[in-house]
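Down below is the structure, laid out as structure tokens.
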Amino acid sequence: MHVDGGCHCGFIKYEAEVDPASVGICHCTDCQTLTGTAYRTTVQSLQGAFKLLCGEPTIYIKTAESGNQRAHGFCPRCGTPLYATTVGNPDLYGIRVGTTRQRAELPPQRQGWCRSAQAWSMQIDDLPKSPMQRPR
């Protein structure tokens, strides 16, 4: 599936071919901290199928619990997290689904690191819903 997207401020734009069956939610504590929320949703794109169209992301190298290192690309202007990939020789990009224009067409197919999941993140169906931000 072809997707395109970019950061919030528009400095970085990209396009990619992705596999919708690869969309996943990660509940690890690193993803919670790096997103500032309960989990991260990504879709996979192979090397050569992900192309930056404009802008240059800032790279942050994160060392996981396993010892593996991941290069996280984010916008240096607005801070939007865009992707993560292997350090040195990127073979697979984990694109942040929220940065794609086609995010509604990329529902999660699996969840991982559920041992770290915030219990409330699994139980939001019954929360009150509003079509826009509620007035204060």
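Only the coordinates and a few stated rules stand behind these numbers; no lab work does. Source: prediction; values computed, not measured. Ideal geometry is used to build each Cβ from the backbone, glycine not excepted, and the neighbour counts take in all protein chains shown.
In table form, for the structure just shown:
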quantity	calculated
Ellipticity estimate at 222 nm from DSSP helix runs (n ≥ 4, -39,500 (n - 2.57)) divided over the chain, nearest 500	-1500 deg cm²/dmol
Cα centre as origin, Lys/Arg/Asp/Glu Cβ charges: the range 2-115 dipole, Debye	280
Prolate/oblate/rounded call for the range 2-115, Cα gyration tensor, a/c under 1.5 rounded	rounded
Computed lengthening from S116 to A104, 0.36 nm per intervening residue step minus Cα-Cα distance	1.7 nm
Model label zone, S22; criterion: amide N under 12 Å from point 7 Å along Cα-to-beta-carbon; scope the range 73-108	84-86, 91-96
Mean-position separation - Cα centroids, the range 32-85 and the range 94-108, in angstrom	14
Three-way shape label, the range 1-52, alpha-carbon gyration tensor, a/c 1.5	oblate
Sorted peptide list for 39-50, 10-21, 62-73, 125-136, criterion being average Cβ within 10 angstrom, highest first	39-50, 10-21, 62-73, 125-136
